[in-house]
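> Pasting a structure here, questions to come.
The values are calculated or read from the model by the stated rules, or taken from the named source; none is laboratory data. It should be emphasised that the depicted structure is a prediction, and the values quoted were computed from it without experimental measurement. When we count neighbours, we look across all protein chains shown, and the Cβ atoms used for this are built from the backbone with ideal geometry, even at glycine. Side chains included, ligands, DNA and RNA excluded: accessible areas come from the protein's heavy atoms. Shrake-Rupley method; radii C 1.70, N 1.55, O 1.52, S 1.80 Å.
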Amino acid sequence: MKKILVIEDEAAIRDNILELLETENYEGIGAANGSIGIHLAQEHTPDLILCDVRMPKIDGHGVLEALRHDPITAAIPFIFLTAQADKTDLRQGMELGADDYLTKPCTSEELLRAIASRLKKQATVTGSYTAALKQASQQLNHLNYYDRLTNLPNRQLLQERFNKALQRDILRQRNPQLVQPEVNDEQFLPILYLSLDRFSRINETLGHSSSDSLIKAIARRLQNCLDSNDTIAHLSLEHFAILLTTINQKKGIGDFAQTILDVLSKPFLLKNGNEIFITASIGISLYPHNGNNIEKLLQNAHKAMNHAKNLGGNNYEFYASKFSLGASDRLALESSLSYALEREELQVYYQPQVNLQTGKIVGAEALLRWNHPERGLVSPAKFIPLAEETSLIIPIGEWVLKTACQQMKRWQNLGVPSLRVAVNLSARQFNQANLRFMVYQTLMETGLEPQYLELELTENIFLENVEIGAIRLIAFKAIGVQIAIDDFGTGYSSLSYLQHLPFDVLKIDQCFIRHINENAKNQAIVTAIIQMAHQMNLKVIAEGVETEAELAFLRQHQCNEIQGYLFSRPLSVEAFEKLLKTDKNLPIISSFN
Ligand code: C2E
Ligand code: MG
Ligand code: MG
């Protein structure tokens, strides 16, 4: 019921109006003078005020002025009642902000019509005001809870959604009757931590605006994988977190992570028309086993993600307590790595590379191994990045090069004259000013002819500065060594920038080779890479060939060489020598020409 305050010193008129209001279903409040009127207006905040102009002490104008200065009463519709339509009264009242003017005596209809029209107007004003307020608060809410770049929930909202999911979980435990029949103890609330692989490289090369668009496109794809009850949050540039509430069995969670990886592996189209391939690493932690709050769960999922990344990326891992080695472990590893060379804990393994036309071993990739006294064999994926960060890669890399060249010369002397060795060079090494001299000197000292040394470089070396990279490469070519691009396809799909660089070999990354016979997209990529490489007079090596089916595909598409577990794992010197002696070959398929 609308409240109307009637300020009128003449009791008869006041009662009359109050009576009329009551019959019309308004709640009327009467005030016998201006000061009582002001007081009641402040106390009741009526929906409308009818006020006489001429009153002793505080007149109507005084009342209006007082109410307009008080924020609580300032917006209340105000109608003046006056005995005679005095033009000065009217102007003064309007200037003070009165909404209407009624001359006494007025008919009931006139009075009610004026009241109704003011209330209606007020309703639309407050209506739009409330709507504006609602919109503003929604916007504020959005800013607080959503990431501006991707429009995905932020960490804060993730936390709240996690707490809500937890409350539902606790509720379910307290009310077993709510438990659905298939619920059992092996149910979890999983948090997935997703990080894009090699994103800093992409970010630097694309520039911020294109990487932002890429991140948005990634966010959209990720969101499309989710059920509406799940939450994906954007934590920072290349990091996302997913709270799954709809899948709670370990197998299903793993399958979901794989789906996400598959979805992301489809190329993204950049504004300039180029396609880009990205991969991601996912770490998974499970409530309640790996933490009972979101911070802990994110922390552990992050550790698992790092583990997945160290294994080469494009992978997912469930958290295991052994991942919690943390910073102190890294430090210990770092300090023991600095002694590894002098303690002779490093070793070079050799993985055969086989020519598909002849079926023979034509070369070997030198792969570093660290025989840690306590930890056993440490993967190069784990310690090479560490060596890079600490510059230890420089002496270690020199040692690998020298060891590999010496070894190759020995095997050549043993009767495999054209055996070639491929040595990996990291970005840090490549950017060393005296690298060319060091390589030249090593070749001189070991007596290995330069054409039997192949240096493997990854694309990222050139993405930073193509011109400088090109000058360096040309200088290397002058020595006579071969240059291979390693892990090709994992950073950029475009071969165009490579056209101007003097490469000899393209190594297709193993992620494209894996299950190629079942993956039409990878088939198309690999076929295109081989064709383009051949047009550019490059030799193509496929890495990570594990199955006969993969081999058959590569043969059919005239890939030049393969390397992979199918033929042989990386081998110690002794084992490689044995292999050479057995004269192991890949069978030659006659249709290949
Ligand atoms: P990469 O140069 O791409 O080497 C190929 C990796 O794939 C090797 O891993 C090799 O063991 C593995 N591999 C070969 N065939 C197969 C297969 O059929 N299936 C699977 N799943 N894997 C296969 P590894 O030896 O662990 O080396 C990892 C990475 O560490 C290398 O990747 C390379 O980037 C780096 N690395 C190794 N040795 C050196 C080195 O002396 N210097 C530098 N700078 N980096 C090195
Ligand atoms: Mg390599
Ligand atoms: Mg590789």
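> Tell me which of these Ala528 doesn't satisfy, since it passes every other one: (1) open to solvent by 30 Å² or more (accessible area, probe 1.4 Å); (2) within 32 Å of the chain's Cα centre (by Cα); (3) within 15 Å of ligand 2 (Cβ to nearest atom).
(3)
> Quick one: would you say Phe512 is free of Cβ contacts under 8 Å to residues at least 40 places away in the same chain and either among the acidic types (Asp, Glu) or crowded, with 20+ Cβ neighbours inside 10 Å (or both)? Even if it seems obvious, please write down each step before you answer.
On the way: free of Cβ contacts under 8 Å to residues at least 40 places away in the same chain: yes; either among the acidic types (Asp, Glu) or crowded, with 20+ Cβ neighbours inside 10 Å (or both): yes.
Spelling it out, Phe512 is indeed free of Cβ contacts under 8 Å to residues at least 40 places away in the same chain and either among the acidic types (Asp, Glu) or crowded, with 20+ Cβ neighbours inside 10 Å (or both).
> Kindly provide the set of residues from the stretch 346-375 that are closer than 28 Å to Leu386 by Cβ, aliphatic (A, V, I, L, M) and away from ligand 1 (no atom under 11 Å from the Cβ), ordered by number.
Hit for the stretch 346-375 is Ala364, nothing else.
> OK, next. Does the stretch 327-342 contain at least one residue that is open to solvent by less than 60 Å² (accessible area, probe 1.4 Å), of a type outside the set (S, T, N, Q) and touching a Pro at 6+ places or on another chain (Cβ under 9 Å)?
Yes, there is a match, as at least one residue in the stretch 327-342 is open to solvent by less than 60 Å² (accessible area, probe 1.4 Å), of a type outside the set (S, T, N, Q) and touching a Pro at 6+ places or on another chain (Cβ under 9 Å).
> Being farther than 22 Å from Leu157 by Cα and modelled with pLDDT of 95 or more is true for just one of Thr259, Thr279. Which residue is that? Write out each step before concluding.
Numbers: Thr279 fails: modelled with pLDDT of 95 or more.
Among Thr259, Thr279, only Thr259 is farther than 22 Å from Leu157 by Cα and modelled with pLDDT of 95 or more.
> Which condition from (1) closer than 20 Å to Ser108 by Cβ; (2) over 60 Å from the mean Cα position of the chain (by Cα) is the one that Pro46 breaks?
So the condition that Pro46 fails would be (2).
> Quick one: would you say Gln482 is within 16 Å of ligand 3 (Cβ to nearest atom), open to solvent by 30 Å² or more (accessible area, probe 1.4 Å), at pLDDT 85 or above and not aromatic (Phe, Trp, Tyr)?
Numbers: within 16 Å of ligand 3 (Cβ to nearest atom): yes; open to solvent by 30 Å² or more (accessible area, probe 1.4 Å): yes; at pLDDT 85 or above: yes; not aromatic (Phe, Trp, Tyr): yes.
Yes; evaluated as a whole, the condition is true for this residue.
> Mind checking whether some residue in the stretch 212-226 is assigned by TED's automatic domain parsing to the domain that holds Ile282 and at pLDDT below 80?
Here is the first cut: in the stretch 212-226, the residues assigned by TED's automatic domain parsing to the domain that holds Ile282 are 212-226.
Retained after the next criterion (residues that are at pLDDT below 80): none.
Checked against the condition, which is being assigned by TED's automatic domain parsing to the domain that holds Ile282 and at pLDDT below 80, the stretch 212-226 yields no hits at all.
> Restricting to strands (runs of 3 or more DSSP E) lying wholly in the stretch 197-310: which have 1 or more residues that are surrounded by fewer than 15 Cβ atoms within 10 Å (Cβ to Cβ)? Before the answer, list the steps.
On the way: elements: 231-236, 239-243, 280-287.
Filter on the stretch 197-310 gives 231-236.
> Looking at the stretch 357-438, what strands (runs of 3 or more DSSP E) fall wholly within it and have at least 1 residues that are closer than 15 Å to Glu334 by Cα and open to solvent by less than 60 Å² (accessible area, probe 1.4 Å)? Even if it seems obvious, please write down each step before you answer.
Details: elements: 361-372, 376-378, 420-424.
Strands (runs of 3 or more DSSP E) meeting the threshold: 361-372, 376-378.
> Ile4 passes all but one of (1) modelled with pLDDT of 95 or more; (2) open to solvent by 50 Å² or more (accessible area, probe 1.4 Å); (3) among the β-branched types (Val, Ile, Thr); which number fails?
(2)
> Considering the stretch 439-460 alone, what residues qualify as being open to solvent by less than 10 Å² (accessible area, probe 1.4 Å) and within 11 Å of ligand 1 (Cβ to nearest atom)?
Leu455, Glu456, Leu457
> Further question: Just for the stretch 168-196: of the residues that are open to solvent by less than 70 Å² (accessible area, probe 1.4 Å), assigned to a loop (DSSP other than H, G, I, E, B) and at pLDDT below 80, which one is nearest to Asn314 (Cα to Cα)?
The qualifying residue nearest to Asn314 (Cα to Cα) is Gln187.
> Out of (1) modelled with pLDDT of 90 or more; (2) open to solvent by less than 40 Å² (accessible area, probe 1.4 Å); (3) more than 18 Å from Leu102 (Cα to Cα), the odd one out for Ile36 is which?
Among (1) modelled with pLDDT of 90 or more; (2) open to solvent by less than 40 Å² (accessible area, probe 1.4 Å); (3) more than 18 Å from Leu102 (Cα to Cα), Ile36 violates only (2).
> Now a separate question. For the stretch 466-477, state whether one or more residues are within 20 Å of Glu550 (Cβ to Cβ), in a helix (DSSP H, G or I), aliphatic (A, V, I, L, M) and at pLDDT 85 or above. Talk me through it step by step, then tell me what you get.
Step one: of the stretch 466-477, the residues within 20 Å of Glu550 (Cβ to Cβ) are none.
So far as the stretch 466-477 goes, no, none of its residues is within 20 Å of Glu550 (Cβ to Cβ), in a helix (DSSP H, G or I), aliphatic (A, V, I, L, M) and at pLDDT 85 or above.
> Could you list, in sequence order, all residues of the stretch 408-449 that are modelled with pLDDT of 95 or more and touching a Ser or Thr at 6+ places or on another chain (Cβ under 9 Å)?
Passing the criteria: Met408, Lys409, Asn424, Leu448.
Yes/no matrix, rows are residues, columns are (1) at positive phi; (2) open to solvent by 50 Å² or more (accessible area, probe 1.4 Å); (3) over 54 Å from the mean Cα position of the chain (by Cα); (4) at pLDDT 85 or above:
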{"site": "Asp99", "(1), (2), (3), (4)": "no, yes, yes, yes"}
{"site": "Ser117", "(1), (2), (3), (4)": "no, yes, yes, yes"}
{"site": "Leu133", "(1), (2), (3), (4)": "no, yes, no, no"}
{"site": "Asn151", "(1), (2), (3), (4)": "yes, yes, no, yes"}
{"site": "Gln156", "(1), (2), (3), (4)": "no, yes, no, yes"}
{"site": "Leu166", "(1), (2), (3), (4)": "no, no, no, no"}
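> Please verify whether the stretch 499-507 includes one or more residues that are open to solvent by 60 Å² or more (accessible area, probe 1.4 Å), out of contact with any His (no Cβ under 6 Å at 6 or more places or on another chain) and at pLDDT 90 or above.
Residues of the stretch 499-507 that are open to solvent by 60 Å² or more (accessible area, probe 1.4 Å), as a first pass: 499-500.
If we keep only those that are out of contact with any His (no Cβ under 6 Å at 6 or more places or on another chain) too, we end up with 499-500.
From what's left, at pLDDT 90 or above: none.
No, that holds for no residue.
Residue-by-condition table, conditions (1) within 16 Å of ligand 2 (Cβ to nearest atom); (2) among the hydroxyl-bearing types (Ser, Thr, Tyr); (3) at pLDDT below 85:
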| position | (1), (2), (3) |
| --- | --- |
| Met305 | no, no, no |
| Asn315 | no, no, no |
| Phe323 | no, no, yes |
| Tyr339 | no, yes, no |
| Tyr349 | yes, yes, no |
| Trp370 | no, no, no |
| Glu389 | no, no, yes |
